[in-house]
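Following: one structure in structure tokens, then a few remarks.
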Amino acid sequence: MGVDRHLLLARPRDPALTRWLALDLAGGERVFATADPRGPVDGAPGAVVIAGRGDACAAQPAGGLLVSEDVFWSLLDPLGQQWDAEALPPDGIAAESELRRVRRAALAGVRRWQDRDEGLRAGCRGLLRGFQPDLAPLLD
């Protein structure tokens, strides 16, 4: 994941899915708020947004990408823990703490991915080649 692009993990703040918080997994402490992660996130044009369940992947405005948490974790840690994408705690500090906890797990997965043999990583990229939308930003 290049440092010039945001990799946002978004979780709902309420069961009605009308308020979301997102934290950049690639770094930084800023928490982004958005009404809907399926649209552009203010302050993060062209971001890769990880949100929701299922196998959804979709191109976003400004070259962004929307990927479900299920797809993200299956690529990052295929045999690892299953993450639930439930609504964040109602308390703001607890919600941000939960996002940071998930970021630590994601960064550990990125380190495992980067430590894999280059041939294996190239093979995984090859499996995704031609898939639309292009998921290569998740592997870089």
Measure off, as a whole percent, the carbon and sulfur share of the 1.4 Å-probe accessible area of the chain, all protein chains present. 56 percent
Taking N as the residue count of the chain, its alpha carbon Rg divided by 2.2 N^0.38 Å gives 1.00
Pairwise centroid distance, computed over Cα atoms, of the range 101-131 with the range 30-70, Å: 20 Å
Which order do the peptides 63-75, 36-48, 88-100 take when ranked by the mean count of other beta-carbon atoms within 10 Å per residue, highest first? 63-75, 36-48, 88-100
Order by protection proxy (mean Cβ within 10 Å, highest first), peptides 54-62, 18-26: 18-26, 54-62
Cα centre as origin, Lys/Arg/Asp/Glu Cβ charges: the chain dipole, Debye: 180 debye
What shape does the range 1-75 take by its C-alpha gyration tensor, where a ≥ b ≥ c are the square roots of the eigenvalues and a/c under 1.5 counts as rounded, a/b above b/c as prolate, and the rest as oblate? rounded
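The values are calculated or read from the model by the stated rules, or taken from the named source; none is laboratory data. Predicted model only: the values in this text are computed from it and were never measured. All Cβ positions, even for glycine, are placed from backbone atoms using ideal geometry, and neighbour counts span all protein chains on display. Protein only, heavy atoms only, side chains kept; ligands, DNA and RNA dropped before computing areas. Shrake-Rupley method; radii C 1.70, N 1.55, O 1.52, S 1.80 Å.
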